Amino acid sequence: MVSPNFTSRKIVVIGTGYVGLPAALLLARAGHSVVGVDIDENIVQAINAGILHIKEDQLQAIMDEPEVKKNITAQSAPCPADIFLIAVPTPLDVQKQASDLSMVIEATESLIPHLREGNLVILESTVPPLTCRTTITPLLQRSGLKIGETLHLAHCPERILPGDVFHEIVHNDRIIGAENSKSRSMAADVYSTFVQGDLLLTDDVTAEMVKLMENTYRDVNIALGNEFAAVAHTLQIDIGEAIRLANQHPRVDILNPGIGVGGHCIPIDPWFIKEVDPTNARLIFAARTINDEIPTKVAAHIRDTVRGIENPQIVAIGAAYKENTADTRESPSVEIVRLLRSYGFRVNHFDPFVEGMEFPTTIEDACKNADCLALLVKHKIVMDEFNAKRTEIENVMKTPTILQF
Ligand SMILES: NC(=O)c1ccc[n+]([C@@H]2O[C@H](COP(=O)([O-])OP(=O)(O)OC[C@H]3O[C@@H](n4cnc5c(N)ncnc54)[C@H](O)[C@@H]3O)[C@@H](O)[C@H]2O)c1
């Protein structure tokens with residue numbers, strides 16, 4: 001229900017991908033007039049045609065609502081507005097092991113000609129601490145406006161879980177960071193129109209750091225799980241049983257080891273902390289190194305398993321970075337398959353969620369004459385079919401070796 005104090009704003013969302021599009025839809029649903037801006041012309045066309053280009057069932061239903069359709073359009077360049085929300089990628093520069101802010105800089109530059117007094121710019125992209133102050137503020141001030149006085153800037157990082165975006169974007173608590181209280185409250189007003197979780201107000205640098213701490217917390221604890229698993233392997237004990245028992249302790253919650261860390265941002269964001277304070281980010285660096293080594297270890301394990309088989313045929317299932325999603329960015333399973341192929345193995349790689357990687361028919365069919373089936377990502381639909389047909393799958397394989405990760 002629209003609050004009596006609600007004021008509709010014109011909001012330009014720059015970057016309409018996994019983060020920007022859900023925000024744009026929710027803002028349109030809240031009654032704002034939203035312009036989605038993307039340099040990808042296919043995305044612009046899809047939004048204008050009412051087609052969701054990311055796989056999120058509930059969001060398609062929102063996109064189909066007449067009120068939303070009325071309130072959202074897309075185009076390839078920004079235009080004047082009350083509020084600008086930037087949600088463009090911030091990948092890792094692998095060579096420098098630091099953030100690549102080029103797309104955030106380009107997006108910020110693209111809106112400068114359209115800025116006017118009283119505007120609010122919100123950065124949702126994940127960035128290293130101090131980015132708002134040292135990179136974004138000087139760029140925006142080229143407009144002649146002064147941050148915190150005639151132009152407002154806030155950093156409101158996103159916490160959504162792909163696969164459950166609609167629920168999370170509405171119900172998660174949200175960090176609202178800005179250098180002064182006026183900018184903070186302007187940003188909080190915007191999010192209050194669709195967020196039902198708490199709005200947690202802080203300064204911009206803390207907001208930048210909080211987002212990175214959240215993902216780094218996951219990364220470090222998964223690294224601990226992976227390290228425990230390696231020791232358990234040496235001791236020849238069952239790591240699953242050991243973790244289950246340890247977690248009976250009232251203050252212990254050990255995360256499961258795994259081939260990946262369950263997100264495309266999680267393997268990247270810890271580097272953004274190291275970038276600003278390499279001297280102190282020692283545990284963070286060690287954890288990243290441990291998790292980064294897992295695909296090589298898994299590929300070596302598969303290589304050892306098929307040793308002795310002449311020209312083995314490997315079937316790998318799972319290319320997404322985690323179960324039940326289609327996103328392959330930074331995916332460890334993609335790296336594992338790349339490594340196996342680089343060793344000279346024949347690998348058929350399938351993922352029913354990823355366009356172009358679907359099984360021709362069934363898992364059983366895909367495994368005919370194979371020497372090794374590696375279940376790299378345990379999508380529910382894959383595991384249901386696998387568990388129901390395991391005997392038949394083993395029967396059609398040349399060498400019925402099945403590895404589950
Ligand atoms: N995907 C997630 O689950 C998630 C969660 C939390 C935070 N984040 C962060 O949010 C940010 C965006 O990530 P994403 O997953 O939405 O990326 P994405 O690749 O899905 O979408 C970004 C979009 O921005 C567009 N773009 C790039 N440069 C542009 C420009 N100059 N002008 C207009 N459009 C431009 C791209 O074409 C793309 O469609 C990143 O910083 C990411 O780390 C992502």
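Key figures
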| item | result |
| --- | --- |
| Karplus-derived HN-Hα couplings along segment 85-91 (A = 6.51, B = -1.76, C = 1.60, θ = phi - 60°), whole Hz, x at Gly and Pro | 10, 9, 9, 9, x, 10, x |
| Helical contribution to [θ] at 222 nm, DSSP H n ≥ 4, -39,500 (n - 2.57), averaged over the chain, rounded to 500 | -12500 deg cm²/dmol |
| Gained length - THR289 relative to ARG329, 0.36 nm times residue gap less alpha-carbon distance | 12.6 nm |
| Peptides 193-201, 345-353, 318-326, 12-20 ordered by average Cβ neighbours within 10 Å, highest first | 12-20, 318-326, 345-353, 193-201 |
| Reachable aspartates and glutamates, given that their alpha-carbon falls under 12 Å from the alpha-carbon of LYS297 and they are not under 8 places away in the same chain | GLU335 |
| Estimated vicinal HN-Hα couplings, Hz - segment 95-109 in sequence order (Karplus 6.51, -1.76, 1.60; Gly, Pro = x) | 4, 7, 6, 8, 5, 9, 8, 4, 6, 5, 5, 4, 5, 5, 4 |
| Interchain or long-range residues, amide H under 5 Å from LEU373's placed H | VAL315, THR401, ILE402, LEU403 |
| Rounded, prolate or oblate (a/c below 1.5 giving rounded, otherwise prolate when a/b exceeds b/c) for segment 10-202 by Cα gyration tensor | rounded |
| Point-to-point label distance, ILE112-GLN248, nm (Cα→Cβ direction, 7 Å offset) | 6.3 |
| Karplus (6.51, -1.76, 1.60) ³J(HN,Hα), θ = phi - 60°, over segment 253-267, in Hz, Gly and Pro reported as x | 9, 6, 7, 6, x, x, 6, x, 10, x, x, 7, 7, 4, x |
| Amide H contacts of ALA281 (H built 1.01 Å from N, under 5 Å, at least 5 apart or other chain) | none |
| Inter-probe distance in nm under a simple model that places probes 7 Å from Cα toward Cβ, at ASP164 and ARG282 | 3.7 |
| Amide proton proximity set for ILE175, modelled H, under 5 Å, gap of 5+ | LEU200 |
| Prolate/oblate/rounded call for segment 93-193, Cα gyration tensor, a/c under 1.5 rounded | oblate |
| Subset of LYS10/LYS69; LYS274/LYS322; LYS55/LYS380; LYS146/LYS182; LYS322/LYS398 violating a 19 Å alpha-carbon distance limit | LYS274/LYS322; LYS322/LYS398 |
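A short reminder: the numbers here are calculations on the coordinates, not readings from a lab. Quick caveat: nothing in here was measured; it's all calculated off a predicted structure. With ideal geometry, Cβ positions are generated from the backbone for all residues, glycine too; neighbour counts draw on all protein chains shown.
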